[in-house]
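The values are calculated or read from the model by the stated rules, or taken from the named source; none is laboratory data. What you see is a predicted model; the values in this text were computed from it and never measured. We place every Cβ from the backbone using ideal geometry, glycine too, and count neighbours over all the protein chains shown. Accessible surface areas use protein heavy atoms only, side chains included; no ligands, DNA or RNA. Shrake-Rupley method; radii C 1.70, N 1.55, O 1.52, S 1.80 Å.
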Amino acid sequence: MTERLSVDVTIVGGGIAGCAAAAALRSAGMSVALLEKNLCGAGASGVNFGGVRQQGRHLAELPLARRARPLWDELNERLGEDVEFQATGHLKLARSDAEMAELERYANVAAEHGLRLQLLGSSALRSELPWLGAGVVGASLCAEDGQANPRLVGPAYARLARRLGADIREHAPVTAATRSGDGFETRTDRLEVKSRFLVNCAGVAAGFIAAGFGEDVPLRPLVPNMIVTEPLPFFVSRSIGVCGGGVYLRQIARGNAILGGGDGWGDAESNRSRPLTGVSLAAIASALAIVPALAGCHVIRTWSGLDGEMPDVIPVIGFSATTPNLVHAFGFSGHGFQLGPIVGEIIAELVTEGRSASPLEPFAIDRFARPAQAAQPPQAGVGQ
Amino acid sequence: MAGLFQRTIDRAGAEVPLTIDGEPVRAQMGDLLITAILLHRAALRRFEFGAGFRAGFCLMAACQDCWVRLADGRRVRACSTPVEPGMAVLIEGVGPG
Amino acid sequence: MSALAEPIVAIVGAGPAGVRAADALARAGLRPIVFDEAERPGGQIYRQPPAAAGRVSSGIYGFEAKKAQAIHGVLRDGQDRIDYRPRTLVWNVFGRRLDLLTPDGYREQRFDHLILATGAMDRVLPFPGWTLPGVFSLGGAQIALKAQGVSIGRRVAFVGAGPLLPLVAHQYAKAGVNVVAALDATTFGAKLAQVSGLFASADTFAKGLWYTARNRLRGLDVRYGVRSLRVEGNGRVEALVWRDSSGLAQRVACDAVGASFGLRVEAQLADLAGCRFVFAPELRQWVPERTAEGRSTVPGVYLAGDGARIGGADVAELQGARTALAVLEDLGRNVDRREVARLDRVHARQTRFRHALDAAYPFPGHLLDAIGDEEIVCRCEGITAGALRQAARDKGAREVNRAKALTRIGMGRCQGRLCGETAAELLARACACDIESVGRLRCQPPVKPIPIVATAP
């Protein structure tokens, strides 16, 4: 028995971006159906590190990250629940003079984008954080960056969108999404949804949706490899990353230390993923070099999931290059969490106004298709 | 000091000296650390997320309730760790009931 | 590995199932590897005191002394036939590889065939006061006595919902401990109704009657049909309060309580190995799917004993032996078909008994019916029943992994061992949906807490 819906906008993918878009579109008076293959927020939105971070981003992302930052301050109020955002500051560590020079370079460029970073030498660093391991020569601090609980944000956005009247269907994997007249028809096992607009924020599966409209993109699965310890007395007061992005760690107020680095094993087709022991061991070794005081604790859980990665490590955001009224937002390459709230707004802008207040040119989907103008290589020093 | 546990058999075995919050007590070779502590105390550790203490539960390394802190920085699961001479357990001053 | 090399058969668990599997494989000319977390073999049912405790009377095993000694002897005397690795935790399985925590740190082990004989633990239900110092599981109380020669207290009360209750009460009383109460959360009627089925294993039934008779002679009657319970005390156990089968409030002063309600499978490695699980209504829990021969749904992965389905020590021994024969068959070796038939026959009889026993001690879900919002469900993290109900009511949680993500239930060190089933029960009640639909907690490696440093190469 097929249920038929007719809405202004169909959104495929119930992560933070999709649910935030659903909420924003409802506020703009559009009717919305959102189709999520599993549970909202259970994909990359829910399994990431939880860093709410502007520092270290590709410069193209900085305007979006800057625009997202104030949303995090109001997020609890907007969502009606506590998603545990704390502006603990993000500290990017240099473990050599060359890395320190890289941090200085980035700080100068970031300042032009309105991001204030503070460079710290070894003694300043250690007077605040006496537990830092040897080998750290300095750091760049973004005091207004921080962390939140990724397991809570996506589901909270979904509830907000529902309260605003979005029709959200979970356990509803999309089996087909095609053009239909001037609009679209999107199907699941039990649904046929007709809409004027289609939004593709289907995460690791977004490539399939795009391909259906003649847009083959080099989206590949990215499998975070995450580790969490038992609760410990709280002392890691900053969210920590390193130049080059190889390891990242933070400690939540309850005391568990969360760390990650490297890729686990994943299979997008079966939607399965597992952390890899060798990768976990390497991340732990890196983390212990930075925070030796963790050496006496125990690992109680590891996890992974499936994110989507683009070759230039920045997402696809914007209109389809082949099909009117199709909006893409995917490929967040392991750092979509902080952007999620603003990506939702941007999707709504594109749908309702045909343009966004944010510069989206670097995220155009056809940057992979343009033979004369190859996609920009990843910027040196980009990472967590 | 009387703790939670009491011995029901007299077992031959060397005495094992240890300290609990700095106070010397005696256990016996063959005692697990949980036994060594609970013969003298009514708890193993403070509960992290509320008032009160914990004293273990399953004694088979499943519930993970009996992790204790030693003065040398080690954390050990008391029900699966044999007591060793010189162990210095830190419970933070819990006395008997 | 050359095609002619011996296949690597790994067994996890040195309880009755794992030991019998190893024994059978060794007799067929293989040299299986047996990994066990503990220092000495026997699992929990035949758990031995630490080696440093010196010689201990076999009386601690009561009627089962001969069986216990036989199990201990297989690995103690069989080091040339069986590669026995005690004090080794298998904390992960991925593909054909095991991750180990050994006394020398982190190691890996490849395998061709894997027998999971990981046993069971007490099933825990929360009740007011259950986190007070002095409250232990029933199994924990028994281990204190068996493996350490200590009582959990001076005035001890026991609460249970299985045959372990009269046994532990008897063992404690025999050891001279003042047992002030033995409460059964299931009804006497449930047992009467199963008498003919229980006769399928007449000797076990007789033992049960004997414990009950001995308890009665000591003036210790098991009280059946307990409707609710509560432990009181300021910082430690001081009294046990309950409502009896007539609804009357009862109270006994005590300084320790041993309380748990049946057993639950320890099947985390089966989950990580990719085995399919099925809900077993008569046990009221999810168990890994297992054929009668011991095969899981994953080729090369086998299951035996309480870790596959609660069946007791005798069934575990049978399944260990039978599963080893399945492995040999799958290796293309000849197996003694008469032995197969014999094992299957005895197993079938035991199974009839087990069905009756399960029905005699049905899951006492009624203990959860009146549990207040303020009661702790997740012991590790201190999460209350109210938080879980709120997640169901206000956040649409309908499935136990989503409830975990929203409330933190199951995120503690025990990884859901103590709270997972309770969370599912309360969630099903809060959503007014059936227990199977809320699912089970997905397992993630490591299956137990592992030291962060020992994992570094």
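Odds and ends about this structure:
- Computed Kirkwood radius, in angstrom, where 1/r is averaged over Cα pairs of chain B: 13.3 Å
- Under-5 Å amide H pairs with residue B:28, H placed in peptide plane, nonlocal only: B:16
- Taking every alpha-carbon pair in the stretch A:224-283 and binning the separations at 5 Å intervals from zero gives 4, 19, 22, 20, 18, 11, 4, 2, 0 percent.
- Inter-centroid distance (Cα atoms) of the stretch C:188-241 relative to the stretch C:371-446, Å: 29 Å
- Amide H to amide H distances under 5 Å link residue C:263 with C:123, where only residues 5 or more positions off or on other chains count and H is placed in the peptide plane.
- Rounded percent of accessible protein surface that carbon and sulfur make up, chain C, 1.4 Å probe: 52 percent
- Separation of the residue C:195 and residue C:65 label points, Cα + 7 Å toward Cβ, nm: 3.2 nm
- Packing-based order for A:103-111, A:251-259, C:328-336, using average beta carbon neighbours within 10 Å, highest first: A:251-259, A:103-111, C:328-336
- Within the protein assembly as shown, DSSP assigns beta bridges of which about 65% are antiparallel (rounded to the nearest 5).
- Under the simplified labelling scheme, the residue B:71-residue C:213 pair shows an inter-label distance of 5.5 nm, with each label point 7 Å from Cα along Cα→Cβ.
- Chain C, relative contact order [Cα under 8 Å, separation at least 6], %: 18 percent
- Relative contact order for the stretch B:18-90: 38 percent, from Cα pairs under 8 Å spaced at least 6 residues apart, divided by residue count.
- Averaged over C:129-136, number of beta-carbon atoms from partner chains that fall within 10 Å: 6
- A simple spin-label model places the labels of residue C:79 and residue C:221 5.4 nm from each other, with each point 7 Å out along Cα-to-Cβ.
- Environment charge at residue A:253 (Cβ cut-off 12 Å; Lys +1, Arg +1, Asp -1, Glu -1): -1
- Peptides C:299-311, C:343-355, A:144-156, ordered by how many other C-beta atoms sit within 10 Å of their residues on average, highest first, read C:299-311, A:144-156, C:343-355.
- Among the listed pairs C:146/C:191; C:67/C:146; C:67/C:448; C:66/C:191, a Cα-Cα separation exceeding 21 Å is found for C:146/C:191; C:67/C:448; C:66/C:191.
- A compact globular protein would have a Cα radius of gyration near 2.2 N^0.38 Å; the ratio found for chain A is 0.97.
- Label reach from residue C:251 (point 7 Å along Cα→C-beta): in the stretch C:215-245, amide nitrogens under 14 Å belong to C:230-234, C:238-243.
- Carbon plus sulfur fraction of accessible area for the stretch B:18-90, probe 1.4 Å, in percent: 56 percent
- Total accessible surface hidden between C and A, rounded to 100 Å², 1.4 Å probe: 2800 Å²
- Those lysines that a straight Cα-Cα span of less than 29 Å connects to residue C:395, excepting residues fewer than 8 apart in one chain: A:37, A:194, C:404
- Cβ neighbours within 10 Å from other chains - mean over C:395-401: 3
- Rounded to the nearest 100, the interface formed by chains B and A buries 500 square angstrom of accessible surface, both chains summed, with a 1.4 Å probe.
- Residue C:366-residue A:289 FRET efficiency (beta carbon distance; Förster radius 51 Å; 0.05 resolution): 0.40
- Residue B:8 - accessible surface, heavy atoms, 1.4 Å probe, Å² rounded to 10: 40 Å²
- Taken per residue, the accessible surface of the stretch B:18-90 reaches 31 Å², heavy atoms only and a 1.4 Å probe.
- The stretch C:32-77: mean projected area of Cα convex hull, nm²: 3.5 nm²
- Between the stretch B:1-80 and the stretch C:307-352, the C-alpha centres lie 40 angstrom from each other.
- Backbone geometry of the stretch C:60-72 corresponds, through the Karplus equation with coefficients 6.51, -1.76 and 1.60 at θ = phi - 60°, to 3J(HN,Hα) couplings of 5, 9, x, 4, 8, 4, 5, 4, 4, 5, 4, 5, 4 Hz, x marking Gly and Pro.
- Eigen-decomposition of the gyration tensor built on the alpha-carbon atoms of chain C gives equivalent ellipsoid semi-axes of 35, 27, 22 angstrom, largest listed first.
- Around the amide H of residue C:150, modelled in the peptide plane, lie the amide H atoms of B:8, C:145, all under 5 Å away and 5 or more residues distant in sequence or on another chain.
- Residue-normalised accessible area of chain A, given per residue in Å² at a 1.4 Å probe: 37 Å²
- Remark: mean inter-chain Cβ contacts per residue of C:443-450 equal 6, using a 10 Å Cβ-Cβ cutoff to other protein chain atoms.
- Among residues other than residue A:304 with Cβ under 10 Å from its Cβ, the summed charge is 0 (Lys and Arg +1, Asp and Glu -1).
- Span-rule helices in chain A, defined as complete DSSP H runs reaching 15 Å or more along the axis (Cα) with Kyte mean at least 0.0: A:16-27, A:277-290, A:340-353
- Computed from the C-beta positions of residue A:127 and residue A:38 and an R0 of 41 Å, the FRET efficiency is 0.30 to the nearest 0.05.
- Chain B against chain C buries an accessible area of about 3500 Å², both chains summed, 1.4 Å probe radius.
- Expressed as a fraction of 2.2 N^0.38 Å, the C-alpha radius of gyration for the protein assembly as shown is 1.00.
- Working from the Cα coordinates of the stretch C:124-215, the gyration tensor eigenvalues give, after taking √(5λ), semi-axes of 25, 16, 11 Å in decreasing order.
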